[in-house]
Amino acid sequence: MTKSVLGIVGGSGVYDIEMDNARWERVESPWGEPSDEVRRGEIGELPVVFLPRHGRGHRVSPSHINYRANIDVMKRCGVTDLVSVSACGSFREELPPGTFVIVDQFIDRTFVRDKSFFGEGLVAHVSVADPVSPLLADAVEAAAKAEGIPHARGGTYLCMEGPQFSTVAESKLYRAWGCDVIGMTNMPEAKLAREAEICYATAAMVTDFDSWHPHHGAVDITSILNVMRANVSNAIRLVTRLAKDFPREHPPCPVHSDTALEYAIMTAPDKRDPELAAKLDAVAGRVLNR
């Protein structure tokens, strides 16, 4: 079996987590500049790779994150399992600020982001029917339970473009669709992780009720930041416990996240664009090089 390498992508504060042999490293990607260097180390002898999604100091807006480079860098670091730790708004009274929602579905409402590693000259179609890897979500849930962190298992995350928050009409629409939380970062991140055959799960940290709520008013950035600071200590505890208890051998994924490209590439070998194939050396090398 493959040795597990746990990847974490998240925001300010989470990258202060204590790790043995912690060091920042620059990893080059043919897809351009990632958000930042990665912070590598070990927790309980498990290799852990952390990437600040917005860069240290929160320099990169959700719409301008180079998601392809970020996922490619994680793949080059050997990450087998990637956990997103990200802020979100809530559409449900029963999911108040401070709750960690371990989502299982996404609706992608973004429209200015590169959403695939594949394209003209090398076409592939992967399934994202079940975008979250259930064993990884199980491990995140177990860590939350062990640490006594308020959490909910399951739910739909709507990813909006941003950087502005929702209008009241939009918020009510998404709530009527059956969405549970809203954020700006997990798409196309989850899709690209699937293309890279990396198991993916999200711990969505509720910071506010979105603008639909009649008694909480419009989303206020000051209030959000206050809740986010309170969430950071829980996020660090969650990640630390997750790493300590994580299986050292990567088990096969029940929804085939780790073999998603097995039959996905449609372009005949003699018709493939060699430049694009070269850029896919990390993401798709397992299937392209055989």
- Message: Using the crude model of +1 on Lys and Arg Cβ and -1 on Asp and Glu Cβ, and no other charge, please compute the dipole size for the chain relative to its Cα centre, in debye to 20.
- Response: 160
- Task: For the chain, find the longest principal axis of its Cα atoms and tell me its angle to the long axis of helix 67-76, 0 to 90°, nearest 10.
- Result: 60
- Residues meeting the amide H criterion for residue 151 (H placed from the backbone, H to H distance under 5 Å, 5 or more places apart or on another chain) are 100
- Per the rule of 0.36 nm per residue minus the C-alpha distance, extending residue 42 to residue 233 adds in nm 66.8 nm
- Query: Just how many % of Cα pairs in the stretch 34-81 lie over 17 Å apart, if you round to the nearest whole percent?
  - Reply: 34
- Query: residue 202's amide H: which non-local residues (gap 5+, or another chain) put their own amide H closer than 5 Å, with H modeled 1.01 Å from N in plane and none for Pro or chain starts?
  - Reply: 84, 103
- Note on the structure: Partner lysines whose C-alpha sits under 26 Å from that of residue 271, ignoring same-chain residues fewer than 8 away, are 75, 115, 191, 279
- Task: Sort out for me the Cα centre separation of the stretch 11-34 from the stretch 243-290, rounded to whole Å.
- Result: 23
- Please list, in chain and number order, the residues 5+ apart from residue 107 or on another chain whose amide H is under 5 Å from its amide H, with Hs placed from the backbone. 157, 158, 159
- Whole-Å distance, taken between Cα centres, linking the stretch 192-215 and the stretch 87-118: 3
- Query: Taking only the alpha carbons of the chain, what extent do you get along each of the three principal axes, in Å, biggest first?
  - Reply: 61, 42, 35
- Note on the structure: Most packed first (mean Cβ within 10 Å per residue), the peptides 189-196, 107-114, 141-148 order as 189-196, 141-148, 107-114
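Read the figures in this text as sums done on the coordinates, not as results from a lab. Note that this is a predicted model, so its numbers are computed, not measured. Note that we place each Cβ from the backbone using ideal geometry, even for glycine, and neighbour counts take in every protein chain shown.
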